[in-house]
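Contents: one structure, followed by commentary.
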Amino acid sequence: MPAIVGPIKIIEAGGVINFGDSFYLSPKSASKTAAGSGAFNTGDFINTNTGMNATNSLDPDAVDQVITANA
């Protein structure tokens, strides 16, 4: 079913954009984040008492999630 597409504004990169008809969309991505305790807290008036801590970001394995041949 053809469609007329008007003006397009892309705000953020890395997503999937579909114009018109599509049968199958399968975006693939993988990421890893290391952060200390209380790093991703959001909101107003947060009080986090963590004492002494350390984040281990050492990753001895080469690949965590293979997505190259995963069609």
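No value in this document is a laboratory result; all are computed from the given coordinates. None of the values given here were measured: they were computed from a predicted structure. Please note: Cβ atoms are built from the backbone with ideal geometry, for glycine as well, and neighbour counts cover all protein chains shown.
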Exercise for the section: Treating only the Cβ atoms of Lys and Arg (+1) and Asp and Glu (-1) as charged, compute the dipole magnitude of the chain about its Cα centre; round to the nearest 20 debye. Expected result: 140
Fill in the blank from the handout: Simple spin-label estimate for ALA13/ALA39, 7 Å along Cα→Cβ, in nm, reads 2.3
Handout entry: Relative contact order for the chain, counting Cα pairs under 8 Å that sit 6 or more residues apart, in percent
Key = 28
Handout entry: SER57 paired with VAL5, simple spin-label distance in nm, labels 7 Å along Cα-to-beta-carbon
Key = 3.7
